[in-house]
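**Q** So that we are looking at the same thing, I have put the structure below in structure tokens.
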Amino acid sequence: TRNDLRPDDIITIIEASLQNSNEVSRKWTFQDPILAEAIRVLVPVIHDADSKVLIQFITTLSHNKDVLPNLSQLNRYSPIAQLSSSILSTLSTTSPTLSVRDMTQALKAMARLDWYSTRCITAITDAIINARLTSTSMDHIGDLAQSLRVMRVHDSPLLRKLVTWYKWMLKASYGPPPYPPEVRAHLASFAMPIADLGYTSTHFIDIIEAALIEQQHDDDDDGHTANPKLLISFLYILSRQGQEVFSRPSYIAGVRRLVSTPEEELQGLSAADWIKAFQVHLGPAIEGLPYIKKELVYDAGVKKFIEDNASFSWYSAQERSRTQFLHS
């Protein structure tokens, strides 16, 4: 009988229903009477579920987001409407017992589902701050950084811990730069959300500057510059670290390297890349000292590069934002 089912068993039933529903009936999945009853039985006892089972459950839900009903159209007291708050409430109390990997997986699923609970987020971030990251992988830390950005969680102690750990891991695993191309690519994917959250620190500048220096000296076989997309990313991240960065030799040399990139190597850049490139130019234009503006703003090569490539993308994006705002 249903009274004999453990919470973990009920979760297994729900997951099986989600995973086995065919494409034709996916949008009707949560109207299935068996599934609705399983959720109704689960909600009051979900706090007794095994933590790992619960995290796998929320991950499964995040991968099946398209079948979840619109909560705004449901009775707020219905079992389905109560499911998210029940899961987040349970995670709030169990997070201190979870591994960093499990907590990262939970945050990643919450970000996909757009589920937010201040209590849950605070509990998880506090638990990660107090946890040892020694055995954590760089991929998990990258996923964690991206999830924090999606949920707009700027927790300075946590971000400081992640950046400090990442700097230590780079040194322990790869020694001093140059870093392999795949490591620089991962570094960019880790650092971009950190920068987007508005975090600044000398350690953060150090690891980006190391990657930027490598980007300047690591040439491809044909003698041309290395990946311009990564170069733009690193310059963009540095440009958000404050006025002092603009006077650093590595930043100035990075901009010069970018504007001297052969045209054929720029063909693969997206509009988003060009917007970042324009912002690399915009920072010194607004905040740079006169001698910096002479190097990075008024220089003929820089002006031509920006006018020929980046200006259109940036101004187009501003116009789209303005139009969306006026019609919102």
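**Q** What full-extension length gain, to one decimal in nm, is calculated for Ile252 and His154 as 0.36 nm per residue of separation minus the Cα-Cα distance? Could the numbers behind the result be given before it?
**A** Details: separation 98, 0.36 × 98 = 35.28 nm, distance 2.92 nm.
Separation in residues times 0.36 nm, less the Cα-Cα distance, equals 32.4 nm.
**Q** Sticking with this structure for a sec: For Glu264, Glu15, Glu37, what's the fewest-to-most ordering of other Cβ within 10 Å of each Cβ? Don't jump to the answer; show the numbers that get you there.
**A** Numbers: Glu264 8, Glu15 17, Glu37 14.
Fewest-to-most Cβ neighbours within 10 Å comes out as Glu264, Glu37, Glu15.
**Q** Something else now. Starting at the first residue of segment 257-263, write each ³J(HN,Hα) from the Karplus equation 6.51 cos²θ - 1.76 cosθ + 1.60 with θ = phi - 60°, in whole Hz, x for Gly and Pro.
**A** 5, 5, 6, 9, 5, x, 4
**Q** Here is a further query. Could you list Ser92, Ser316 in order of exposure, starting from the residue whose Cβ has the fewest other Cβ atoms within 10 Å?
**A** Starting with the residue having the fewest Cβ neighbours, the order is Ser316, Ser92.
**Q** I've got another one for you. Note the angle between two axes, namely the Cα long axis of helix 271-287 and the longest principal axis of the Cα atoms of the chain, as a number of degrees from 0 to 90, rounded to the nearest 10.
**A** Relative to the chain, helix 271-287 is tipped by roughly 60 degrees.
**Q** Given the Cα-Cα distance of Ser85 and Glu182 and 0.36 nm per residue of separation, how much length would full extension add, in nm? Can you show the working numbers first?
**A** Details: separation 97, 0.36 × 97 = 34.92 nm, distance 3.90 nm.
Extra length from Ser85 to Glu182 when fully extended: 31.0 nm.
**Q** In nm, give the distance between the simple-model label positions of Ser78 and His327, each being 7 Å from the Cα along the Cα-to-Cβ direction.
**A** According to this spin-label approximation, the distance is 3.2 nm.
**Q** In the set (i) 22.9, 69; (ii) 24.0, 79; (iii) 19.7, 62, which value of Rg and Dmax of the Cα atoms in Å was calculated from the structure you see?
**A** Checked against the structure: label (ii).
**Q** Taking Cα atoms, how many degrees apart are the long axis of helix 181-196 and the longest axis of the chain, rounded to 10 and kept between 0 and 90?
**A** 80 degrees
**Q** Taking 0.36 nm per intervening residue step and subtracting the Cα-Cα distance, what contour gain separates Thr12 from Gln243 on full extension?
**A** On the way: separation 231, 0.36 × 231 = 83.16 nm, distance 5.38 nm.
Taking 0.36 nm per residue and subtracting the Cα distance, the gain is 77.8 nm.
**Q** Applying the Karplus parametrisation 6.51 cos²θ - 1.76 cosθ + 1.60 with θ = phi - 60° to the phi angles of segment 35-43, what ³J(HN,Hα) value in whole Hz is obtained for each residue in order, glycine and proline being reported as x?
**A** Computed from phi, the couplings for segment 35-43 are 5, 4, 5, 4, 5, 4, 6, 6, 3 Hz.
None of the figures in this text is laboratory data; all of them are computed from the coordinates on show. Remember, predicted model here, so these are calculated numbers, not experimental data. With ideal geometry, Cβ positions are generated from the backbone for all residues, glycine too; neighbour counts draw on all protein chains shown.
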